[in-house]
Amino acid sequence: MKYLIRTLLVVHFCFLTLALFQVLGKLERTNFSYFTAVMNDLYFGDWSFGFFSQKVGSVAFERYTLHKWDRSQEILDTQKGFRYFTHAHESYNRFYGLSVYIRQDTTYQDLLSHTVAVRMLNQKREAVKVDVSLLGMQNPSLRDWKAGKRSQPKEVYFAEFAAQ
Amino acid sequence: MFSFSFNALLSRITAFFETPQSPAPLGFFRIAISLFCIVQALLWLPDWEAFLGKYGWIQWEISRALNNPWEVHIEHISQLLGWFGISEENSIYVFFWVYVGALGLVTLGLLTRIFAIVAWFLHIVIMASIPTFFYGLDIFIHIALFYLMVFPVSKAWSLDVKLGLVSPEATWGAGVAIRVLQLHMCFAYLSAGVGKIWNYEWWNGDILWYSMTHPFFKSLLDMHWVADYPFIPMFLGWWTLFIETLYGIGMWIPRVRVFWLFNMIALHAGIAVFLGLWLFAGIMILLSVSAFGHECLRDLKKRPKPIQKRSVA
(Lines give C-alpha, C1' and ligand atoms only; values in the text may rest on other atoms or scores of the structure.)
Protein backbone atom coordinates (compact mmCIF):
# COMPACT_ATOMS: atom_id res chain seq x y z
CA MET A 1 0.00 0.00 0.00
CA LYS A 2 2.80 2.36 0.95
CA TYR A 3 4.52 1.80 -2.40
CA LEU A 4 1.30 2.49 -4.29
CA ILE A 5 0.77 5.76 -2.42
CA ARG A 6 4.39 6.76 -2.96
CA THR A 7 4.03 6.11 -6.69
CA LEU A 8 0.82 8.13 -6.86
CA LEU A 9 2.53 10.96 -4.97
CA VAL A 10 5.40 11.03 -7.45
CA VAL A 11 2.94 11.13 -10.38
CA HIS A 12 0.88 13.84 -8.62
CA PHE A 13 3.82 16.14 -7.96
CA CYS A 14 5.39 15.54 -11.37
CA PHE A 15 2.09 16.55 -12.92
CA LEU A 16 1.81 19.68 -10.77
CA THR A 17 5.40 20.59 -11.64
CA LEU A 18 4.69 20.22 -15.38
CA ALA A 19 1.62 22.43 -14.96
CA LEU A 20 3.62 24.96 -12.99
CA PHE A 21 6.22 25.33 -15.72
CA GLN A 22 3.51 25.63 -18.38
CA VAL A 23 4.67 22.41 -20.11
CA LEU A 24 1.21 20.85 -20.32
CA GLY A 25 -0.12 23.56 -22.61
CA LYS A 26 2.48 22.55 -25.21
CA LEU A 27 1.15 18.98 -25.21
CA GLU A 28 -2.41 20.08 -26.03
CA ARG A 29 -2.51 18.58 -29.50
CA THR A 30 -0.90 15.28 -28.56
CA ASN A 31 -2.38 12.09 -27.11
CA PHE A 32 -1.11 13.23 -23.73
CA SER A 33 -3.92 15.79 -23.71
CA TYR A 34 -6.41 13.00 -22.88
CA PHE A 35 -4.45 12.19 -19.76
CA THR A 36 -4.34 15.90 -18.92
CA ALA A 37 -8.10 16.23 -19.37
CA VAL A 38 -8.73 13.29 -17.04
CA MET A 39 -6.39 14.76 -14.43
CA ASN A 40 -8.31 17.99 -14.81
CA ASP A 41 -11.56 16.23 -14.04
CA LEU A 42 -9.96 14.62 -11.02
CA TYR A 43 -8.53 17.72 -9.34
CA PHE A 44 -7.60 20.39 -11.90
CA GLY A 45 -4.05 19.07 -11.96
CA ASP A 46 -3.09 21.10 -15.02
CA TRP A 47 -4.39 24.43 -13.72
CA SER A 48 -1.63 27.00 -13.75
CA PHE A 49 -3.29 29.39 -11.27
CA GLY A 50 -2.22 32.53 -13.12
CA PHE A 51 -5.25 34.47 -12.01
CA PHE A 52 -5.29 38.01 -13.34
CA SER A 53 -2.23 37.54 -15.47
CA GLN A 54 -4.44 38.43 -18.45
CA LYS A 55 -5.58 41.91 -19.42
CA VAL A 56 -7.65 42.97 -16.45
CA GLY A 57 -8.21 46.48 -17.79
CA SER A 58 -10.29 45.07 -20.63
CA VAL A 59 -13.96 45.60 -19.84
CA ALA A 60 -17.03 44.16 -21.53
CA PHE A 61 -20.66 45.20 -21.15
CA GLU A 62 -23.69 43.45 -22.57
CA ARG A 63 -26.79 45.23 -23.73
CA TYR A 64 -30.02 43.41 -24.56
CA THR A 65 -32.75 45.30 -26.38
CA LEU A 66 -36.07 43.49 -26.07
CA HIS A 67 -38.67 44.30 -28.73
CA LYS A 68 -42.16 43.58 -27.43
CA TRP A 69 -45.50 42.71 -29.03
CA ASP A 70 -46.79 46.22 -28.45
CA ARG A 71 -43.76 47.69 -30.29
CA SER A 72 -42.26 49.03 -27.07
CA GLN A 73 -38.66 48.33 -26.16
CA GLU A 74 -36.92 47.37 -22.96
CA ILE A 75 -33.18 47.76 -22.64
CA LEU A 76 -31.27 45.59 -20.17
CA ASP A 77 -27.73 46.89 -19.90
CA THR A 78 -25.07 45.55 -17.55
CA GLN A 79 -23.47 48.99 -17.63
CA LYS A 80 -26.66 50.36 -16.08
CA GLY A 81 -27.03 47.72 -13.40
CA PHE A 82 -28.65 44.79 -15.19
CA ARG A 83 -27.54 41.68 -13.29
CA TYR A 84 -29.06 38.83 -15.29
CA PHE A 85 -31.93 38.40 -12.81
CA THR A 86 -29.53 36.84 -10.30
CA HIS A 87 -30.47 36.70 -6.63
CA ALA A 88 -26.95 36.66 -5.20
CA HIS A 89 -23.83 38.62 -5.99
CA GLU A 90 -21.89 35.36 -6.14
CA SER A 91 -24.15 34.18 -8.97
CA TYR A 92 -23.61 37.41 -10.88
CA ASN A 93 -19.81 36.99 -10.56
CA ARG A 94 -20.11 33.99 -12.87
CA PHE A 95 -21.15 36.20 -15.79
CA TYR A 96 -17.69 37.80 -15.90
CA GLY A 97 -16.38 34.54 -17.36
CA LEU A 98 -19.26 34.33 -19.84
CA SER A 99 -18.69 37.83 -21.20
CA VAL A 100 -14.96 37.10 -21.58
CA TYR A 101 -15.86 33.87 -23.38
CA ILE A 102 -18.30 35.58 -25.76
CA ARG A 103 -15.83 38.33 -26.49
CA GLN A 104 -12.76 36.17 -27.06
CA ASP A 105 -14.06 32.93 -28.50
CA THR A 106 -15.24 33.76 -31.99
CA THR A 107 -16.16 30.12 -32.66
CA TYR A 108 -18.76 30.09 -29.93
CA GLN A 109 -19.69 33.77 -30.08
CA ASP A 110 -22.94 33.29 -32.00
CA LEU A 111 -23.79 30.08 -30.18
CA LEU A 112 -23.37 31.55 -26.73
CA SER A 113 -25.13 34.82 -27.47
CA HIS A 114 -27.93 32.76 -29.06
CA THR A 115 -28.37 30.66 -25.94
CA VAL A 116 -28.41 33.77 -23.73
CA ALA A 117 -30.98 35.35 -26.06
CA VAL A 118 -33.19 32.25 -25.85
CA ARG A 119 -33.15 32.45 -22.06
CA MET A 120 -33.93 36.16 -22.25
CA LEU A 121 -36.93 35.52 -24.50
CA ASN A 122 -38.15 32.81 -22.13
CA GLN A 123 -37.79 35.10 -19.15
CA LYS A 124 -39.57 37.99 -20.86
CA ARG A 125 -42.53 36.31 -22.54
CA GLU A 126 -43.85 39.59 -23.90
CA ALA A 127 -40.73 40.04 -26.07
CA VAL A 128 -40.63 38.85 -29.69
CA LYS A 129 -37.12 39.83 -30.61
CA VAL A 130 -33.89 40.50 -28.76
CA ASP A 131 -30.82 42.37 -29.96
CA VAL A 132 -27.61 41.27 -28.29
CA SER A 133 -24.90 43.88 -28.23
CA LEU A 134 -21.47 43.41 -26.69
CA LEU A 135 -19.54 46.54 -25.84
CA GLY A 136 -15.87 46.53 -25.05
CA MET A 137 -13.35 49.05 -23.81
CA GLN A 138 -9.89 49.24 -22.37
CA ASN A 139 -9.78 51.07 -19.08
CA PRO A 140 -7.13 53.79 -19.03
CA SER A 141 -4.00 53.00 -17.06
CA LEU A 142 -3.28 54.79 -13.81
CA ARG A 143 -1.02 57.32 -15.54
CA ASP A 144 -3.51 57.92 -18.40
CA TRP A 145 -6.38 58.36 -15.96
CA LYS A 146 -4.37 61.00 -14.08
CA ALA A 147 -3.69 62.75 -17.39
CA GLY A 148 -7.45 63.00 -17.91
CA LYS A 149 -7.93 60.16 -20.42
CA ARG A 150 -11.31 58.41 -20.26
CA SER A 151 -12.55 55.44 -22.28
CA GLN A 152 -15.94 54.93 -23.84
CA PRO A 153 -17.24 51.45 -24.66
CA LYS A 154 -17.49 50.54 -28.35
CA GLU A 155 -19.68 47.87 -29.86
CA VAL A 156 -17.63 44.78 -30.71
CA TYR A 157 -20.41 42.30 -31.44
CA PHE A 158 -24.05 42.53 -32.46
CA ALA A 159 -26.71 39.92 -33.26
CA GLU A 160 -30.51 39.83 -33.52
CA PHE A 161 -32.64 36.90 -32.43
CA ALA A 162 -36.38 36.58 -33.03
CA ALA A 163 -38.78 34.32 -31.12
CA GLN A 164 -40.50 31.62 -33.18
CA MET B 1 33.51 17.95 3.51
CA PHE B 2 30.24 17.73 1.57
CA SER B 3 29.15 14.22 0.70
CA PHE B 4 25.95 13.37 -1.10
CA SER B 5 24.09 10.27 -0.09
CA PHE B 6 21.03 9.38 -2.11
CA ASN B 7 19.79 7.08 0.64
CA ALA B 8 20.06 9.82 3.24
CA LEU B 9 18.10 12.20 0.99
CA LEU B 10 15.46 9.55 0.39
CA SER B 11 15.07 8.85 4.08
CA ARG B 12 14.71 12.58 4.79
CA ILE B 13 12.01 12.88 2.14
CA THR B 14 10.27 9.81 3.53
CA ALA B 15 10.44 11.21 7.05
CA PHE B 16 9.08 14.57 5.82
CA PHE B 17 6.02 12.91 4.29
CA GLU B 18 5.46 9.84 6.42
CA THR B 19 6.11 10.91 10.00
CA PRO B 20 2.80 10.14 11.76
CA GLN B 21 0.81 13.28 12.50
CA SER B 22 -2.36 14.02 14.42
CA PRO B 23 -5.40 13.84 12.13
CA ALA B 24 -6.94 16.94 13.81
CA PRO B 25 -5.92 19.32 10.95
CA LEU B 26 -7.61 16.95 8.51
CA GLY B 27 -10.75 16.98 10.67
CA PHE B 28 -10.73 20.78 10.52
CA PHE B 29 -10.18 20.63 6.75
CA ARG B 30 -13.15 18.29 6.32
CA ILE B 31 -15.57 20.33 8.39
CA ALA B 32 -14.43 23.71 7.04
CA ILE B 33 -14.56 22.73 3.37
CA SER B 34 -17.82 20.79 3.48
CA LEU B 35 -19.58 23.52 5.47
CA PHE B 36 -18.23 26.11 3.05
CA CYS B 37 -19.54 24.11 0.10
CA ILE B 38 -22.97 23.86 1.73
CA VAL B 39 -23.08 27.64 2.22
CA GLN B 40 -21.94 28.18 -1.38
CA ALA B 41 -24.61 25.81 -2.68
CA LEU B 42 -27.37 27.41 -0.61
CA LEU B 43 -26.40 30.86 -1.88
CA TRP B 44 -26.65 29.45 -5.38
CA LEU B 45 -30.02 27.77 -4.85
CA PRO B 46 -32.27 30.71 -5.94
CA ASP B 47 -30.37 30.83 -9.25
CA TRP B 48 -29.87 27.08 -9.61
CA GLU B 49 -32.34 26.65 -12.47
CA ALA B 50 -30.87 29.62 -14.35
CA PHE B 51 -27.46 27.95 -14.39
CA LEU B 52 -28.22 24.24 -14.47
CA GLY B 53 -31.72 24.04 -15.91
CA LYS B 54 -32.38 22.65 -19.38
CA TYR B 55 -33.32 26.12 -20.58
CA GLY B 56 -30.93 28.01 -18.34
CA TRP B 57 -28.52 30.68 -19.56
CA ILE B 58 -26.52 28.02 -21.39
CA GLN B 59 -28.87 25.33 -22.61
CA TRP B 60 -27.93 21.70 -22.04
CA GLU B 61 -27.19 20.86 -25.65
CA ILE B 62 -24.70 23.73 -25.85
CA SER B 63 -22.95 23.05 -22.56
CA ARG B 64 -22.71 19.40 -23.58
CA ALA B 65 -21.11 20.40 -26.87
CA LEU B 66 -18.40 22.26 -24.94
CA ASN B 67 -17.46 19.17 -22.87
CA ASN B 68 -15.20 16.20 -23.32
CA PRO B 69 -17.25 13.21 -24.52
CA TRP B 70 -16.69 11.15 -21.34
CA GLU B 71 -17.82 13.87 -18.93
CA VAL B 72 -21.07 13.33 -17.08
CA HIS B 73 -23.50 16.19 -17.63
CA ILE B 74 -26.58 17.14 -15.60
CA GLU B 75 -28.64 15.95 -18.58
CA HIS B 76 -27.36 12.40 -17.97
CA ILE B 77 -28.39 12.63 -14.32
CA SER B 78 -31.77 13.98 -15.38
CA GLN B 79 -32.25 11.05 -17.77
CA LEU B 80 -31.31 8.64 -14.98
CA LEU B 81 -33.78 10.23 -12.58
CA GLY B 82 -36.38 10.19 -15.36
CA TRP B 83 -36.51 6.38 -14.99
CA PHE B 84 -37.82 6.98 -11.45
CA GLY B 85 -40.52 9.31 -12.73
CA ILE B 86 -38.74 12.54 -11.79
CA SER B 87 -39.28 15.33 -14.31
CA GLU B 88 -36.43 17.33 -15.89
CA GLU B 89 -37.45 20.43 -13.90
CA ASN B 90 -37.41 18.55 -10.59
CA SER B 91 -34.33 16.49 -11.36
CA ILE B 92 -31.97 19.44 -11.00
CA TYR B 93 -33.35 20.11 -7.50
CA VAL B 94 -33.10 16.42 -6.52
CA PHE B 95 -29.50 16.62 -7.73
CA PHE B 96 -28.97 19.77 -5.65
CA TRP B 97 -30.27 18.24 -2.42
CA VAL B 98 -28.33 15.01 -2.90
CA TYR B 99 -25.18 17.15 -3.32
CA VAL B 100 -25.95 19.20 -0.19
CA GLY B 101 -26.96 16.04 1.71
CA ALA B 102 -23.68 14.32 0.82
CA LEU B 103 -21.77 17.41 1.99
CA GLY B 104 -23.79 17.42 5.22
CA LEU B 105 -22.81 13.82 5.94
CA VAL B 106 -19.17 14.63 5.15
CA THR B 107 -19.39 17.49 7.66
CA LEU B 108 -20.71 15.11 10.31
CA GLY B 109 -18.16 12.51 9.29
CA LEU B 110 -20.63 9.66 8.73
CA LEU B 111 -19.46 7.13 6.14
CA THR B 112 -17.20 9.97 5.14
CA ARG B 113 -15.27 8.36 2.30
CA ILE B 114 -18.43 7.24 0.48
CA PHE B 115 -20.17 10.60 0.74
CA ALA B 116 -16.99 12.51 -0.11
CA ILE B 117 -16.84 10.49 -3.35
CA VAL B 118 -20.50 11.34 -4.01
CA ALA B 119 -19.90 15.07 -3.36
CA TRP B 120 -16.78 15.13 -5.55
CA PHE B 121 -18.55 13.32 -8.39
CA LEU B 122 -21.59 15.60 -8.26
CA HIS B 123 -19.27 18.59 -8.29
CA ILE B 124 -17.69 17.30 -11.52
CA VAL B 125 -21.19 17.14 -12.97
CA ILE B 126 -21.83 20.76 -11.92
CA MET B 127 -18.57 21.90 -13.51
CA ALA B 128 -19.27 19.95 -16.71
CA SER B 129 -22.73 21.51 -16.90
CA ILE B 130 -21.57 25.13 -16.59
CA PRO B 131 -18.36 25.22 -18.66
CA THR B 132 -18.60 28.94 -19.37
CA PHE B 133 -19.56 29.93 -15.83
CA PHE B 134 -17.04 28.29 -13.54
CA TYR B 135 -14.06 30.18 -12.19
CA GLY B 136 -11.35 29.98 -9.52
CA LEU B 137 -13.86 29.34 -6.74
CA ASP B 138 -15.12 26.14 -8.39
CA ILE B 139 -11.60 25.02 -9.27
CA PHE B 140 -10.38 25.25 -5.68
CA ILE B 141 -13.58 23.64 -4.37
CA HIS B 142 -12.98 20.77 -6.76
CA ILE B 143 -9.38 20.36 -5.61
CA ALA B 144 -10.55 20.41 -1.97
CA LEU B 145 -13.32 17.86 -2.64
CA PHE B 146 -10.80 15.59 -4.36
CA TYR B 147 -8.60 15.70 -1.28
CA LEU B 148 -11.61 15.10 1.00
CA MET B 149 -12.21 11.97 -1.04
CA VAL B 150 -8.68 10.55 -0.83
CA PHE B 151 -7.37 11.83 2.52
CA PRO B 152 -8.17 10.12 5.84
CA VAL B 153 -10.28 13.12 6.89
CA SER B 154 -12.70 11.13 9.05
CA LYS B 155 -10.07 10.36 11.69
CA ALA B 156 -10.93 13.44 13.76
CA TRP B 157 -14.17 14.96 15.01
CA SER B 158 -16.35 12.53 13.09
CA LEU B 159 -19.22 10.13 13.69
CA ASP B 160 -17.10 7.46 12.03
CA VAL B 161 -14.72 7.69 15.02
CA LYS B 162 -17.64 7.73 17.52
CA LEU B 163 -19.08 4.60 15.90
CA GLY B 164 -15.71 2.87 15.94
CA LEU B 165 -15.53 2.67 12.14
CA VAL B 166 -12.25 4.59 12.01
CA SER B 167 -9.33 4.88 14.40
CA PRO B 168 -8.46 8.42 15.58
CA GLU B 169 -4.77 7.57 16.02
CA ALA B 170 -1.99 9.53 14.39
CA THR B 171 -0.84 7.66 11.31
CA TRP B 172 1.65 8.07 8.50
CA GLY B 173 -1.34 8.45 6.15
CA ALA B 174 -2.43 11.59 7.98
CA GLY B 175 1.16 12.87 7.73
CA VAL B 176 1.23 12.28 3.97
CA ALA B 177 -2.16 13.96 3.52
CA ILE B 178 -1.17 17.09 5.43
CA ARG B 179 2.11 17.39 3.50
CA VAL B 180 0.35 16.95 0.15
CA LEU B 181 -2.16 19.69 0.99
CA GLN B 182 0.65 22.00 2.14
CA LEU B 183 2.74 21.40 -0.96
CA HIS B 184 -0.24 21.82 -3.28
CA MET B 185 -0.90 25.26 -1.79
CA CYS B 186 2.78 26.15 -2.21
CA PHE B 187 2.64 25.04 -5.87
CA ALA B 188 -0.55 27.01 -6.50
CA TYR B 189 0.82 30.24 -5.03
CA LEU B 190 4.24 29.86 -6.65
CA SER B 191 2.52 29.40 -10.00
CA ALA B 192 0.22 32.37 -9.38
CA GLY B 193 3.14 34.53 -8.24
CA VAL B 194 5.45 33.58 -11.12
CA GLY B 195 2.59 34.11 -13.60
CA LYS B 196 2.22 37.67 -12.30
CA ILE B 197 5.94 38.48 -12.19
CA TRP B 198 6.19 38.52 -16.02
CA ASN B 199 3.38 41.04 -16.29
CA TYR B 200 4.78 44.58 -16.00
CA GLU B 201 1.38 45.90 -14.96
CA TRP B 202 1.77 44.09 -11.64
CA TRP B 203 4.95 46.08 -10.98
CA ASN B 204 3.67 49.55 -11.86
CA GLY B 205 0.37 49.15 -10.00
CA ASP B 206 -1.88 49.17 -13.08
CA ILE B 207 -3.37 45.73 -12.39
CA LEU B 208 -4.48 46.71 -8.91
CA TRP B 209 -5.81 49.98 -10.31
CA TYR B 210 -7.79 48.15 -13.00
CA SER B 211 -9.12 45.68 -10.47
CA MET B 212 -10.16 48.27 -7.90
CA THR B 213 -11.99 50.36 -10.49
CA HIS B 214 -13.30 47.58 -12.73
CA PRO B 215 -17.01 48.20 -13.28
CA PHE B 216 -17.86 44.50 -13.20
CA PHE B 217 -16.40 43.77 -9.79
CA LYS B 218 -18.51 45.21 -7.07
CA SER B 219 -16.14 47.06 -4.78
CA LEU B 220 -17.58 48.32 -1.51
CA LEU B 221 -15.95 51.70 -2.18
CA ASP B 222 -15.36 53.95 -5.18
CA MET B 223 -11.60 53.58 -5.56
CA HIS B 224 -10.85 56.17 -8.26
CA TRP B 225 -9.25 58.38 -5.59
CA VAL B 226 -6.32 55.91 -5.64
CA ALA B 227 -5.13 57.63 -8.84
CA ASP B 228 -3.91 60.50 -6.65
CA TYR B 229 -1.77 58.10 -4.63
CA PRO B 230 -0.19 55.79 -7.26
CA PHE B 231 2.22 54.35 -4.72
CA ILE B 232 -0.72 52.54 -3.05
CA PRO B 233 -1.58 50.16 -5.95
CA MET B 234 2.12 49.86 -6.76
CA PHE B 235 2.96 48.83 -3.21
CA LEU B 236 -0.01 46.44 -3.08
CA GLY B 237 1.14 44.86 -6.36
CA TRP B 238 4.65 44.29 -5.03
CA TRP B 239 3.24 42.98 -1.77
CA THR B 240 1.04 40.48 -3.67
CA LEU B 241 4.01 39.30 -5.76
CA PHE B 242 6.16 38.92 -2.64
CA ILE B 243 3.55 37.09 -0.55
CA GLU B 244 2.41 34.73 -3.32
CA THR B 245 5.76 33.88 -4.90
CA LEU B 246 7.54 33.25 -1.62
CA TYR B 247 4.59 31.52 0.09
CA GLY B 248 6.36 28.19 -0.40
CA ILE B 249 9.36 29.45 1.57
CA GLY B 250 7.69 31.61 4.20
CA MET B 251 5.25 28.91 5.23
CA TRP B 252 8.04 26.47 6.15
CA ILE B 253 9.92 28.79 8.49
CA PRO B 254 8.68 28.54 12.08
CA ARG B 255 7.12 31.81 13.35
CA VAL B 256 7.59 33.49 9.95
CA ARG B 257 4.67 31.40 8.74
CA VAL B 258 2.38 33.14 11.24
CA PHE B 259 3.25 36.42 9.52
CA TRP B 260 2.75 34.77 6.11
CA LEU B 261 -0.62 33.26 6.96
CA PHE B 262 -1.80 36.59 8.36
CA ASN B 263 -0.73 38.29 5.10
CA MET B 264 -2.45 35.63 2.99
CA ILE B 265 -5.66 36.20 4.91
CA ALA B 266 -5.28 39.97 4.45
CA LEU B 267 -4.62 39.51 0.71
CA HIS B 268 -7.77 37.46 0.23
CA ALA B 269 -9.81 39.74 2.46
CA GLY B 270 -8.74 42.50 0.05
CA ILE B 271 -9.97 40.43 -2.90
CA ALA B 272 -13.30 40.00 -1.11
CA VAL B 273 -13.70 43.71 -0.33
CA PHE B 274 -12.34 45.24 -3.56
CA LEU B 275 -13.50 42.66 -6.11
CA GLY B 276 -16.57 41.34 -4.33
CA LEU B 277 -15.27 37.77 -4.70
CA TRP B 278 -16.25 36.80 -1.16
CA LEU B 279 -16.55 33.05 -1.69
CA PHE B 280 -13.32 32.81 -3.69
CA ALA B 281 -11.53 34.65 -0.89
CA GLY B 282 -13.20 32.36 1.65
CA ILE B 283 -12.07 29.10 0.05
CA MET B 284 -8.50 30.36 -0.35
CA ILE B 285 -8.33 31.40 3.30
CA LEU B 286 -9.78 28.06 4.43
CA LEU B 287 -7.30 26.10 2.32
CA SER B 288 -4.31 27.99 3.71
CA VAL B 289 -5.60 27.74 7.27
CA SER B 290 -6.28 24.00 6.81
CA ALA B 291 -2.80 23.43 5.41
CA PHE B 292 -0.71 25.53 7.78
CA GLY B 293 -3.04 26.76 10.53
CA HIS B 294 -2.14 23.99 12.99
CA GLU B 295 1.58 24.69 12.57
CA CYS B 296 0.98 28.42 13.07
CA LEU B 297 -0.97 27.63 16.25
CA ARG B 298 1.91 25.49 17.46
CA ASP B 299 4.33 28.34 16.74
CA LEU B 300 2.17 30.76 18.66
CA LYS B 301 1.98 28.42 21.66
CA LYS B 302 5.76 27.95 21.59
CA ARG B 303 6.31 31.72 21.72
CA PRO B 304 9.43 32.39 23.83
CA LYS B 305 8.64 33.57 27.33
CA PRO B 306 9.88 37.04 28.26
CA ILE B 307 13.14 36.99 30.20
CA GLN B 308 12.45 37.53 33.87
CA LYS B 309 14.55 40.03 35.74
CA ARG B 310 16.77 38.48 38.31
CA SER B 311 17.17 40.12 41.63
CA VAL B 312 20.41 40.07 43.53
CA ALA B 313 20.20 39.52 47.23
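Provide the per residue accessible area, probe 1.4 Å, for chain B, rounded to a whole number of square angstrom.
That works out to 47 Å² for each residue.
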Problem set entry | Pairs from B:LYS155/B:LYS302; B:LYS54/B:LYS155; B:LYS196/B:LYS302; B:LYS155/B:LYS196; A:LYS2/B:LYS162; A:LYS26/B:LYS155 whose Cα-Cα separation, in the structure shown, is over 29 Å | B:LYS54/B:LYS155; B:LYS196/B:LYS302; B:LYS155/B:LYS196; A:LYS26/B:LYS155
Exercise. Where the centroid of each part is defined by its Cα atoms, how far is the range B:56-94 from the range B:219-238 in Å?
Worked result: 44
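With the Cα gyration tensor of the range B:49-89 giving a ≥ b ≥ c as the square roots of its eigenvalues, does the rule (a/c under 1.5 for rounded; else a/b larger than b/c for prolate; else oblate) give rounded, prolate or oblate?
On the way: a/c = 3.10, a/b = 1.27, b/c = 2.44.
Because a/c hits 1.5 or more and a/b fails to exceed b/c, the range B:49-89 counts as oblate.
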For this session: Show that you can apply the helix-only estimate: for chain A, add -39,500 (n - 2.57) for every DSSP H stretch of four or more residues, divide by all residues, and state [θ] at 222 nm to the nearest 500.
Result: -14000 deg cm²/dmol
Seminar exercise, completed: Those helices of chain B passing the 15 Å axial Cα length cut-off and the mean Kyte-Doolittle cut-off of 0.0 (DSSP H runs only) are B:6-18, B:24-44, B:88-108, B:112-129, B:136-150, B:172-197, B:231-245, B:256-275, B:278-301
For this session: For chain A, find the longest principal axis of its Cα atoms and tell me its angle to the long axis of helix A:89-104, 0 to 90°, nearest 10.
Result: 90
Exercise. Quick one: helix A:32-43 against the long Cα principal axis of chain A, what's the angle to the nearest 10°, folded into 0 to 90?
Worked result: 80
For this session: Take the alpha-carbon positions of chain B, form their convex hull, and give its projected area averaged over all directions (one quarter of the hull surface) in nm².
Result: 26.4
Exercise. If all Cα-Cα distances of the range B:171-303 are sorted into 10 Å bins from 0 onward, what percent lands in each bin, rounded to whole numbers?
Worked result: 12, 38, 32, 14, 3, 0
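Need one value for B:206-215: mean number of C-beta atoms belonging to other chains within 10 Å of its residues' C-beta atoms. Spell out each step's value before the answer.
Working: counts 9, 8, 3, 8, 11, 3, 0, 6, 6, 8.
Average per residue, whole number: 6.
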Problem set entry | Nearest-10 value in Å² for the accessible area of B:PHE28, using the 1.4 Å probe | 80
Exercise. Cα gyration tensor of the protein assembly as shown, axes a ≥ b ≥ c as square roots of the eigenvalues: rounded (a/c below 1.5), prolate (a/b > b/c) or oblate?
Worked result: oblate
Exercise. Rounded to the nearest 500 deg cm²/dmol, what is the calculated helix-only ellipticity per residue at 222 nm for chain B, with -39500 (n - 2.57) per DSSP H run of length n ≥ 4?
Worked result: -21500 deg cm²/dmol
Exercise. Ignoring ligands, DNA and RNA, how much accessible area is buried between chains A and B, both sides summed, with a 1.4 Å probe, to the nearest 100 Å²?
Worked result: 6200
Exercise. If you add up the charges near B:LEU145, with Lys and Arg at +1 and Asp and Glu at -1, over every other residue whose beta carbon is less than 15 angstrom from its beta carbon, what do you get?
Worked result: 0
Seminar exercise, completed: The percentage of the accessible area of the protein assembly as shown (probe 1.4 Å, all protein chains present) made up of carbon and sulfur atoms, to the nearest whole number, is 64
Seminar exercise, completed: Once both label points are put 7 Å beyond Cα along the C-beta direction, the A:SER33-B:PHE242 separation in nm becomes 4.2
For this session: Return the residues of the range B:178-200 for which accessible area with all protein chains present is lower than in the chain on its own by 50 Å² or more; set the probe to 1.4 Å and exclude ligands, DNA and RNA.
Result: B:HIS184, B:PHE187, B:SER191
Seminar exercise, completed: Expressed as a whole-number percentage, the relative contact order of the range B:228-293 with C-alpha contacts under 8 angstrom and at least six residues apart is 23
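The values are calculated or read from the model by the stated rules, or taken from the named source; none is laboratory data. Bear in mind the structure is a predicted one, so any value in this text is a computation, not a measurement. Positions of Cβ are backbone-derived with ideal geometry, glycine not excepted, and every protein chain shown enters the neighbour counts. Side chains included, ligands, DNA and RNA excluded: accessible areas come from the protein's heavy atoms. Shrake-Rupley method; radii C 1.70, N 1.55, O 1.52, S 1.80 Å.
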